[in-house]
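Asks: Structure provided below as structure tokens; questions to follow.
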Amino acid sequence: MAHIVLKNICKTYPNGVSAVDNFNLEIEDKEFIIFVGPSGCGKSTTLRMIAGLEDITAGELLIDGKIMNEVPPKDRDIAMVFQSYALYPHMTVYDNIAFGLRRKKLSKAELDEKVKNAARILGLESQLAKKPRELSGGQKQRVAMGAAIVRNPKVFLMDEPLSNLDAKLRVQMRVELARLHESLGATIVYVTHDQTEAMTLGSRIVVMKEGIIQQVDTPNNLYTKPANMFVAGFIGSPQMNFLYSVVKEEDGATFLQLGDVRLPVTEEQREKLRGMDGKQIVLGIRPEDIMCGAEAEKYSKWGITVTAEVYELLGSSALLYFEFAGSRVTADVKPGVGEKEGERVHLALHMERAHLFDAATEQRI
């Protein structure tokens, strides 16, 4: 497949708007890498620059060591799958998949073998004679992928290919995409705004904000060691809670002052906060790291008592919303905990899993 390098890539439009700024990334051969971020963060623009559909203002794009900045899209050996299915409605599934191959003047037998092999990989063997109007959304997206697969390109570029599908189909297609990557051994660059897709599909994830890379890491490291508050809040659902607090050092002890509550810190956190007496920081705690019941007793030294405001039952768990230390907080609790509005609930923060951020720079401490 392909090894891709983006060196100091920038995209600035004639009106002066910077869409991508100083983008540096090395994508390994056969890697499944995800660009994720909110709308307008530059992820699709970066993908289109790799494809050759957008000009690069500054920097270098290399594929297998060759500079591609001025190489036309058709000569980059890249296949792109878009959010829209882009199928020809008057053609059968077979002809839609075969369309890009016909210009290569393959023999009928070669073309037939490639189309049927792609259909087999994607589970479309029984659909080849149908027209797009006879297919479900998931089947249409698989046909679009089939049209890319038969070309056997160096790189697959996918721009939010699952966003038009309903929730159940998205789950199914995520599984199929993972299998597809495994079977093809392909280099895939995938754009999405859905952090669940990013966490379940990517071998590495590039988190972007306003055209700038915030962090490039594995899904697990993004979740457990986010580089800043933006990454911490974007990765994970429900998102991380942020509690503004002040570091206090007294008589050799270090704790965080959150309103009227003092929370002791762990030994590891104490070392990180050494010399920061009086400094405002942000304590990040994920909803699933707020304990209740017997677990709260286990972490009682970090206990808090709150008033339940909103309760949402999710089945095996529930989300409890409350106010604490001037912030709106979400906790992932056992069903029944805080079900009654106004109920006083005893919880505990799992401080060993908490994250500390500089309030001024929003960077991880």
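Asks: Which GluC sites (Glu not before Pro) in region 13-65 sit in a loop by DSSP (not H, G, I, E or B) and have at most 15 other Cβ atoms within 10 Å of their own Cβ? Walk me through the intermediate numbers first.
Replies: On the way: sites: E26, E28, E31, E54, E60; in loops: E28, E31, E54.
Within region 13-65, the qualifying GluC sites (Glu not before Pro) (loop, at most 15 other Cβ atoms within 10 Å) are E28.
Asks: Roughly how many Å² is the accessible area per residue of the chain, as a whole number, for a 1.4 Å probe? Working shown, then result.
Replies: Details: 17460 Å² over 365 residues.
Result: 48 Å² per residue.
Asks: Further, regarding this structure: Could you give the length gained on full extension between D77 and M91, defined as 0.36 nm per residue of separation minus the Cα-Cα distance, in nm? Show your work: numbers first, answer last.
Replies: Numbers: separation 14, 0.36 × 14 = 5.04 nm, distance 2.46 nm.
Extra length from D77 to M91 when fully extended: 2.6 nm.
Asks: Leaving ligands, DNA and RNA out of it, work out the accessible area of I67 with a 1.4 Å probe and give it in Å² to the nearest 10.
Replies: Its accessible surface works out to 90 Å², give or take rounding.
Asks: Can you list the HN-Hα couplings for region 213-218, worked out from phi with the Karplus curve (6.51, -1.76, 1.60; θ = phi - 60°), rounded to whole Hz and with x for Gly and Pro?
Replies: Each residue of region 213-218 in turn: 5, 8, 6, 10, 6, 6 Hz.
Asks: Follow-up. Per residue of the chain, what 222 nm ellipticity follows from adding -39500 (n - 2.57) for every DSSP H run with n ≥ 4, rounded to the nearest 500?
Replies: On the way: 10 runs with 93 residues, N = 365.
Rounded to the nearest 500, the figure is -7500 deg cm²/dmol.
Asks: Let me ask something else. Using all C-alpha to C-alpha distances in region 34-116, build P(r) with 10 Å bins and read off the rounded percent in each one.
Replies: Calculated over all Cα pairs of region 34-116, the distribution is 14, 34, 31, 19, 2 percent.
Asks: Looking at the P(r) of region 188-259, how many percent of alpha-carbon pairs lie beyond 19 Å?
Replies: Values: 1133 of 2556 pairs.
Tail of the P(r) past 19 Å holds 44 percent of the pairs.
Asks: Would you kindly state the longest site-free stretch of the chain, with sites defined as trypsin sites (Lys or Arg not before Pro) in a DSSP loop (not H, G, I, E, B) surrounded by at most 14 other Cβ atoms within 10 Å? It would help to have the intermediate numbers written out before the result.
Replies: Numbers: sites that count: K105, R274, K340.
By the stated rule (loop sites, at most 14 other Cβ atoms within 10 Å), 106-273.
Asks: Can you give the three extents of the C-alpha atoms in the chain along their principal axes, from longest to shortest, in whole Å?
Replies: 82, 46, 35
Asks: Let me know the whole percent of all Cα-Cα pairs from region 264-365 that are separated by more than 21 Å.
Replies: Beyond 21 Å sits 38 percent of the P(r) for region 264-365.
Asks: Report relative contact order for region 156-240 in percent, whole number only (criteria: Cα-Cα under 8 Å, sequence separation at least 6).
Replies: Working: 82 pairs, mean separation 17.9, N = 85.
That works out to 21 percent.
Asks: If the viscosity is 1.306 mPa s and the temperature 10 °C, what Stokes-Einstein diffusion coefficient in µm²/s follows for region 238-290 when Rh is the Kirkwood radius over Cα pairs? It would help to have the intermediate numbers written out before the result.
Replies: On the way: Rh = 11.6 Å.
In µm²/s, the coefficient is 137.
The values are calculated or read from the model by the stated rules, or taken from the named source; none is laboratory data. Every value quoted in this text rests on a predicted model; they were computed, and no experiment measured them. Ideal geometry is used to build each Cβ from the backbone, glycine not excepted, and the neighbour counts take in all protein chains shown. These area figures cover heavy atoms from the full protein model, side chains too; ligands, DNA and RNA do not enter into them. Shrake-Rupley method; radii C 1.70, N 1.55, O 1.52, S 1.80 Å.
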